[in-house]
Amino acid sequence: MPAGRVYLVGAGPGDPGLITVRGAEILALADVVVYDRLANAALLERASKSAERIYVGKQSACHAMGQADINRLLVDRALDGKSVCRLKGGDPFVFGRGGEEAEACRAAGVEFEVVPGVTSAIAAPAYAGIPVTHRDLASSFAVITGHEREDASDRSDLPTGSAEQRRDWATIAHAADTLLFLMGVESLAEITERLMEHGRSPDTPVALVRWGTLPRQETLVSTLSEVEEAVRTAGFTAPAIIVVGEVVRLRETLRWFDNRPLSGKRVLVTRARSQAGKLSELLEAAGAQAVEFPTIRVVPAADTTQLDAALGHLGLYAWVLFTSVNAVEIVRDRLASLGLDARAFGPVRIAAVGPATEQALHAMGLKPDYVPSEAVAEKVVEEFPAPWDIAGRAILHPRAVGTRPLISDRLSEYGVQFESIDIYESVPDAGDVDELVADLEAGHIHVITFASSSTVRNFVEALGAERAKRLAEKCVVACIGPV
């Protein structure tokens, strides 16, 4: 990326999957990332680890940094020879003040590029099942700011109140079939009053879509005359898009996002941070909000002498038994460090404890010869193919420290030699316990998931036995298996 350039990047409406390909590319390469409150924090994981991250979020009456200071920040970093990604919620030129930031760059002689984003004005209604246009109901739409406020320190060249005068309500009320108000929840009373005053029917359907495109999305539907009271009764707060028009009636027919099996549910994921992502993706695809609280961290063994020796002579074993995805990944990495690959397994037969481990083996080009019907040690032993035929030969079992000896003990009864090597351990890695406890106490967590016995032990250790038991009773507890 050229040094000394500012990229005004639209982060999209909230769902991190809705950032553009170009936006994601710039985010990954930038030296500096300057981001807003409504830019999904998950997007920061796509930034370079070496990138400087600067939060400049704003919400009503609470600004982390004024607009003039943001402008100076962008210019200063670019003049220092940095490539700057200005990550803005939605689209930078739709009420994102991107135009002002571009002006500041141009005035300072700094090159800039604008990367449009998916605006929440269209995306949030779409995720609520409300198309902003429809051939039978609406042939036009208008996007309108819900409020006009000016900070004199930002634009001292404008007289006080001049921005508010730009909103011609007589024109706005009939500007389009569908009216979309951004940043308008606090001004809802004025908006509805002005629209009805200038001829919009009190019975016009209105919808508010809060946290659009995110798993916690909420939608409230009412009419122009009753929506203010409905919002107050429901305690409905910003950030939300206000949709005014007949297209709101289509929500019940076209609703698709917030009626999925787990919509409205918050699910605690206790897996290791490196493995939580996949489960979180699956939960969110079903409508849940995944709350990640890793209770374990996988630490490979520092001494790899024994494992390296075994991997260098795999042909000596009858079977290699994998009882976790972690074991597969660590063996894969050690093979690579030794200059070997999947061919090292040769004629050795491979067993996988369950479908996830089987999938991890497939990813490295290995097809297991045996997978039990259930992913538990008891089934591994019960269904192991003809263990008596390999009496006197060895099974290699790369495993975690503290793994139950049930498999080795039982198969040894057939005369099978077992070489178990501890190649990693799961150590406690609890996150912000106070925040989690507050969520559990308030009933904001509906399900707690445990993907291994170590996640259970470390969850209890992090919260304390009595408190963990009491809080878990408020939720559904879902675990991967009987152990």
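The values are calculated or read from the model by the stated rules, or taken from the named source; none is laboratory data. Computed from a predicted structure; not experimentally measured. Every residue, glycine among them, receives a Cβ derived from its backbone with ideal geometry; neighbour counts consider all protein chains shown. Only protein heavy atoms, including side chains, enter the accessible area calculation; ligands, DNA and RNA are left aside. Shrake-Rupley method; radii C 1.70, N 1.55, O 1.52, S 1.80 Å.
Computed over the chain, the per-residue total of -39500 (n - 2.57) for DSSP H runs of n ≥ 4 gives a 222 nm mean residue ellipticity of -8500 deg cm²/dmol, rounded to 500.
The gain in end-to-end length when the Glu226 to Tyr370 segment is fully stretched comes to 45.5 nm, 0.36 nm per residue minus the alpha carbon separation. The Trp169 and Ala309 beta-carbon pair, evaluated with R₀ = 60 Å, returns a calculated FRET efficiency of approximately 0.15. When the GluC sites (Glu not before Pro) in region 344-429 are filtered for DSSP coil states and for at most 16 other beta-carbon atoms within 10 Å of their beta-carbon, the remaining sites are Glu374, Glu383, Glu413. Checking every one of the GluC sites (Glu not before Pro) in region 213-319 against DSSP loop status and a limit of 14 other Cβ atoms within 10 Å picks out Glu226.
Legend: calculated FRET efficiency, Ser201 to Arg260, from the Cβ-Cβ distance at R0 = 35 Å, rounded to 0.05, equals 0.55.
Across region 250-364, C-alpha contacts under 8 Å between residues 6 or more apart give a mean separation that, scaled by the residue count, equals a relative contact order of 21 percent. Within the accessible area of the chain, the carbon and sulfur atoms contribute 51%, probe 1.4 Å, all protein chains present.
Taking the centroid of alpha carbons for each part, region 224-295 and region 169-183 are 26 Å apart. With contacts taken as Cα pairs under 8 Å at a separation of at least 6 residues, region 16-95 carries a relative contact order of 37 percent.
List the chymotrypsin sites (Phe, Trp or Tyr not before Pro) within region 187-288 that DSSP assigns to loop and that have no more than 13 neighbouring Cβ atoms inside 10 Å. Answer by residue number: Trp256. Dividing the radius of gyration of the alpha carbons in region 332-420 by their Kirkwood radius gives 0.96 for Rg/Rh. In sequence order, region 208-216 has phi-based couplings of 10, 10, 9, 6, x, 6, 9, x, 8 Hz under the Karplus curve 6.51 cos²θ - 1.76 cosθ + 1.60, θ = phi - 60°, and Gly or Pro positions carry x. Here the label points at Arg46 and Ala3, each 7 Å from Cα along the C-beta direction, are separated by 2.6 nm in the simple model. Inter-part distance, region 22-55 to region 307-381, computed on C-alpha centroids, equals 37 Å.
Farthest towards the positive end of the charge dipole of the chain, among the residues Val460, Met364, Leu137, is the Cα of Met364, using unit charges on the Cβ of Lys, Arg, Asp and Glu.
Partner aspartates and glutamates whose Cα lies under 12 Å from the Cα of Lys49, excluding those fewer than 8 positions away in the same chain, are identified as Asp31. Across the chain, Cα-Cα pairs farther apart than 29 Å form 62% of the total. Accessible area per residue for the chain is 48 Å², calculated with a 1.4 Å probe on protein heavy atoms, without ligands, DNA or RNA.
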